[in-house]
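Please treat every number below as a calculation from the coordinates, not as lab data. None of the values given here were measured: they were computed from a predicted structure. No Cβ is skipped: glycine too gets one built from the backbone with ideal geometry, and neighbour counts run over all protein chains shown.
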Amino acid sequence: MRRLVAIIIAAWVSISASAAQSTQHETLHLHQRPSGRVTAHFAFAQSVAQSQAHALDDIARGFGIDEMALSFTQGTRCDSIATKVGCRPPGVVLWAWMRNNHSLSSVDTRWSALTNALAGTFCASLNFITPENSAEPQSSFTHSSVNSSLSSLRYASLPREITCTENLTPWSKLLPCSTKVNHLAHIKDRKMKPYCILGSKAGIASLFNAYAIYDADYHSMSVEVSRKCTSDTECTTEIRQDLVVALDPVRKGYQRNMDWSLQFLFGKEVAGSCPLNEIETNILVTLPKAEGFEFEGKVKPVYNDEKNAWVYSLELAKQFSMGVKYSDSKPDLSEKSKSTELIQIHRHLTGYGRERGGIKIRISNRDTKPRTVTLLEVLPWFIKLYMHTLQRTTYHITSQEVLSLSGEVVNQTLKYQPAIPRIRPSVIELTATLPGESITVFTFQFDRAFIKYTEHPPDANRGFDTGAAILTVHPASRTEKEYRLFSDVLLIALPTPDFSMPYNVITMSCTIVALYFGTVFNLIVKKLEGLDDSQLKKKWWMFWVKERSVLGKK
Amino acid sequence: MEVLAVLGVVIRLALVQRTDFARTLDQRVEVSTPVTSFKRMQEGVFLWRNNINPYEGGVFHQAPLLLALFHVLDDRMIPYLFILLDILVAKMLVEIAKHRALDLKNQTWRPFFPSKEEKEALLAHESAESKTVTKESGVKKSDPTIPTESALVPLFVGVVYLLNPLSIVTCLARSMLVFNTAAVVTGVYFAVKGRQVYSMFFLALASYVSMYPVMFVLPCSMLIAKSLKVKIWPNIIFEQPFSASPVSFLLFATFTIALLGVSNVLMGSWDFLESTYGVILLVPDLQPNTGLWWYIFIEMFDQFRLFFLLVFQVFVVAFVLPLSLKFREHPLFVVAVFGIIIATFKSYPAVGDVAAYIPFVFMYQELFKYMKNLYIITHLGFSTCILLPLFYNLWIYAGSGNANFFYAITLIVGVAQVLLLGDFIGAMVRREWERGEGYAFRGRRIEVMLK
Amino acid sequence: MNFLNWLVLVLGAASATNAAGGAIRVVEDMRGLDRAALAADFLSAGAGSSGGGSGHTNNWAVLVCTSRFWFNYRHIANTLSMYRTVKRLGIPDSNIILMLADDVACNPRNHFPATVYNNAGRYLDLYGSNIEVDYRGYEVTVENFIRVLTGRHEEHVPRSKRLLTDDRSNILIFMTGHGGKEFLKFQDAEEIGSHDIADAIAQMFEKKRYNEIFFMIDTCQAASLYKQIYSPNVLAAASSLTGQSSYSHHHDMEIGTAVIDRWTYSNLETLEKLERQDKNTLANLFKTYDSSVILSDPGIRTDLFPRGIENALVTDFFGGVQTTELTLEMYKTSEKQKVLPADVKVEFDGRLSSAQKDTLLEKPRYKLKVVLPQTYLINVPFVLCFGLLLTGVVVAGSV
């Protein structure tokens, strides 16, 4: 931790001393939906040159990383409350492109080292990501600038990982405008202030309030690092950090209306713009209505047509707050559950009992034209898949009739990697062109493995979470970009043995083996002897036995 | 009796054609194990047909030649193949039983080491007896101290196999155990007939499918020796029961290596060894079954795993040589005993193993009167047949019981089979003693003790 | 440095001088003094020399909560109370190993998200804004705890998860959870025994990983857990004696569980009043224990602590305070470069370590192949070989 502190201070010093770089910015986009929910998207971008010091740059350089993305998320149903900004599934999702020939160690070794280093940096249990639960997808992460012949991709997810203040603390210390380390601040004050001082004393990061963020319906904190080298010595690391929080003023306030303000949502005000010249601070607000509202606060925004939002400009060292008040502030709750995404994916478990089950994946394409998608499923090894049970059905989206052969999914390529128990997970990668206005349903069956006593977690009856399936939607035209959708996370309960039984089981099973051995051994080794009366002698010490023949006859 | 045999076949055909039992039975853990399951065979065939190595993952653990067989077979023909195999098994059991019946008939009751006078007296007695003995039953009616035994009806043994619900269930579930049983029974059949090469080939096939039939090589070689040798003195110890053994072992080893080599040529690599024999030896897949291994290896800590694996494997094969030596003039009995040992202590047992040894036990019906615990064993057998699926359901589906319920019943299965073993061997020891040394005690009431 | 701090330093140095009986002295004029002797004085001032100063140069804390599940909220609160105390009194996050077996702050059952309170009035949020949990959730295991203590980590474990102590470190080890006679339950799945703890501390002594240890434990029958320790310079305090249970203090009706345990509460009542330069001794702390309020008899073990609890300051273990010596000239250190302990690997270093060399020769672990129906599976060589085998068998058999 000391080292991190030193790096941050050095980073600030060097950033302020170096030349201005235009790719650095902080943007807060507040987007309110007709249902009243406000999604606050904090986006921070910075670029770190070769000479500067940054913890993530150190990691990228040390492990030969070309691109890396890490996200910590809690909350589901992102698609109905947030914009299409990259909803992530609950837990941790990490993928990284790593150079094949770097420092003489293999990609898998560096992957383990990377997860450990990230675990230390972000105070999370990322070290549970090992090559045993990681995958190397081939068609799912194609449109990046990485040369796939020189680098390998590793992907893993930990759906059970929680996100709390201890993750936000180090994350916010990596922000570009983090001017001071604040963790000593509360030691100075005997009494804790009612809100938290996190990350920054200026810029949009001054809004961070753990009590508000972790009370949200959905929050996701992510880091994306990409390293571009113009030559061997000239490398720049671009670091992008995003925090998406979906807050609900309708639920929070007593009035149950759509009015909100920054003070209401976060409990704080923005402490002015970032004092560093190279970093622009922007606040954008998108509202569901075009009129019938007014902005509160001293500063009024300007409407920007191309961004389709109201833009605020902040001033240095001046407290900033804003709010919105509607003339008709009743929320439109009907829209709440409707998602406007063109392509959606849903996944759930089928079957009952703890012996076997099935998985059903439903992909709907609302677009009129066919779209090419890639489905990536990474399932742990204790889910024993039966690929011969994989079936696909395609329906029309409204009439629900099964599509004829001409309307079916075409160009289907299925790639499969069977799981090796305790060594690697099963990976299914399915690329297909979905017909327009259709729903495609994939089903397959699996058996649940009976795992060893020591392999169960301490709360074994909860079950194991399976990572989300990734649906990569490939661009239909040159102007579009590839994007990824994540499905639901499944909770699969495995059959549990009785955890109090190890010694008892060994005792009882070995008793039966001993019984068998003893009986058979005696029968083989000993000889039968016939004894008649003359040979039967009473032992001298058995004085309580009456003198009689064994046969009962005298 | 023939009617009953045909009934056994008809039941199988009816159940295959009319009902869907096959699918549900295949999914029952008492019937199909990770190394014999048909669903996994289907998965293996699918993977192999589609460019993926079936032995790479943790699902498919069966022999490559079987994989090739099910690759070429049509789906609709498969149940009939299993029924055909069952019929063949029954037929061969009948042939073996015929040989056994002859053997039983020729058993005489006389001391092993008679003195010169006793020898003459016995020979005179025998020539007198031969006029009074009846043709059909071979019972020596004249001597009241020799027990009256009914002759063995060979067809009964076949009926026992065909009508046994455990073997019907195994056949319906299309478990690979049927191949195992068929190969073993064929090997024993050819051994009884004295055809060394064929016998060793089928035993090699059986141990290629699952490893444990390697134990049968020694008694089968003794059977071969027995049928090839001329009797020196009726029912006196055969002096060279192991004379055929070296050649048999050599043949067995050759055939095993040949089969493994052919599999390598088929699969293109030696990967399958780890996935088939490695699984049988090291038990990584801990699916519950009727045996004792699964729960102890679920609950075991990793440090002790290897030791207990070794111990359990050794206990299966520990008694091969001792039992063969002790009962060297009854190799078929040794086959039956090994069948019981394998069914109790192998790594992935199922009810099909029990169905396999029961006919061999029924070939020794004369021993039943010496067995003390037969009543208990049969009742334990019936009750475990009911309780095993019941408690499994309580654990896995209802959630109101836990693994210990099912485990307790597997313990009872183990106890029942151990009792059967002890009784069976004890009965044979007793009978042999009565036929030989006990001859001196004929006519007297005595106490027999194991010392 | 402001005036107050300077004054404190001088006073502190002066009082330390008094306490140490002249072993450390404020030196203003270095000329003509034997520097080697001064250095030797300073360095030998710890570890068993006459009375007074503990001789530690840095403070570490290992705070462990071993209980999982929501109803064990109070154990998390115990540990976090201790965390707050040691941070407040000066131990930085880099010197604290915090192990929490479950997440209660962001637990969906928590009515007050991102907070942990140890009192029903909810005056103080222990979670705060600057918290670093080093081991959380499933990572809190007996194995990891012993690895932390003994320093025997696997490769790649980051620095924040290591206890990088040396022979002049004073360590506070605080454990709380459910326990019994000579065992402590970790996460409802495993146990650590008193012998394990004793042996771990013995390893630490042999590897010179501590100067003094203060072992605090708040569980049922807690005293049985320190009974087996046999290494020197270990002071232990427990919430109850063998055969007694430890009790929780009070509930918060809105959180729905008990929020603090009695013994920890009793400790906090005293510790909250302390400041960084406090001169209270551990004997004073132990005197404040009242069995009728704690409802169990706290156990103290002092036989392995020769310095005596009257001489041990509370801040010797809870605070990051250290005695300093003022000099006017520079003190030259050795020319040789400082060598890191062998078990601390340098991070982000791509150099090949011993376990890495085998991975280079490994065949690729992941193999994603296209599922494509193959036509020619049963190949000619196989048919030939198999046919050969069968004919060989038939021929040999008919001979």
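You can think of it this way: the chain between residue C:228 and residue C:207 has 5.6 nm of extra reach, that is 0.36 nm per residue less the Cα-Cα gap. For the listed peptides A:163-172, A:144-153, a ranking on the average number of other beta carbons within 10 Å per residue, highest first, reads A:163-172, A:144-153. Sorting the segments A:342-353, B:344-355, A:95-106 by their mean number of nearby beta carbons within 10 angstrom, highest to lowest, gives B:344-355, A:95-106, A:342-353. Please list, by residue number, everything in region A:102-135 whose backbone N is under 11 Å from a paramagnetic label point 7 Å out along Cα→Cβ of residue A:150. Inside the label zone: nothing. Taking other residues whose beta carbon is less than 13 angstrom from the beta carbon of residue C:251, and scoring Lys, Arg as +1 and Asp, Glu as -1, yields 0.
Could you work out the helix-only [θ] at 222 nm for chain B, with each DSSP H run of four or more residues adding -39,500 (n - 2.57) and the total divided by the number of residues, to the nearest 500 deg cm²/dmol?
Details: 20 runs with 295 residues, N = 451.
So the helix-based figure for chain B works out to -21500 deg cm²/dmol.
I'd like the orientation of helix B:331-345 relative to chain B: the angle between its Cα long axis and the longest Cα principal axis, in ° from 0 to 90, rounded to 10. The angle comes out at about 30 degrees.
If you take each beta carbon of peptide A:420-429 and count the beta carbons of other chains within 10 angstrom, what is the mean?
3
For region A:343-492, the orientation-averaged shadow of the C-alpha convex hull comes to 10.1 nm² (one quarter of the hull surface).
Remark: spin-label model distance residue A:522-residue B:6 equals 4.9 nm, labels positioned 7 Å along the Cα→Cβ axis.
Using a 10 Å cut-off on Cβ to Cβ distances, tally the other chain neighbours for every residue of C:384-396 and report the average as a whole number. Provide the component values of the computation, followed by the final result.
Working: counts 2, 8, 8, 1, 2, 6, 2, 0, 5, 10, 3, 1, 8.
Mean partner shielding for this stretch: 4.
Label positions at residue A:399 and residue B:393, each projected 7 Å from the Cα along the C-beta direction, are separated by 4.5 nm.
Can you pull the mean other chain C-beta count within 10 Å for peptide B:56-64? Write down the numbers at each step before the final one.
On the way: counts 7, 12, 12, 10, 1, 0, 0, 0, 1.
Per residue, the number of nearby Cβ atoms from other chains is 5 on average.
Which of the pairs A:289/A:481; A:384/A:481; A:452/B:326; A:526/B:369; A:268/A:307; B:39/B:91 have their Cα atoms more than 30 Å apart in this structure? Intermediate results must be reported in sequence, preceding the final value.
Numbers: A:289/A:481 28 Å; A:384/A:481 35 Å; A:452/B:326 40 Å; A:526/B:369 21 Å; A:268/A:307 26 Å; B:39/B:91 28 Å.
A:384/A:481; A:452/B:326, as the Cα separations exceed 30 Å there.
Within region C:245-277, none of the chymotrypsin sites (Phe, Trp or Tyr not before Pro) combine a DSSP coil assignment with at most 13 other C-beta atoms in a 10 angstrom radius. Computed from the C-beta positions of residue B:51 and residue A:290, the FRET efficiency with R₀ = 51 Å rounds to 0.35. Simple point charges give the picture: +1 on the Cβ of Lys and Arg, -1 on the Cβ of Asp and Glu, and for region A:343-492 a dipole about the Cα centre of about 240 debye. Treating r as the C-beta distance of residue B:247 and residue B:383 and R0 as 45 Å, the FRET efficiency rounds to 0.45. In the distance distribution for region C:56-318, Cα-Cα pairs more than 26 Å apart total 34 percent.
Placing pseudo-labels 7 Å out from each Cα toward the beta carbon at residue B:274 and residue A:100 gives an inter-label distance of 2.3 nm. To the nearest ten degrees, helix B:245-267 and the longest principal axis of the Cα atoms of chain B are 10 degrees apart.
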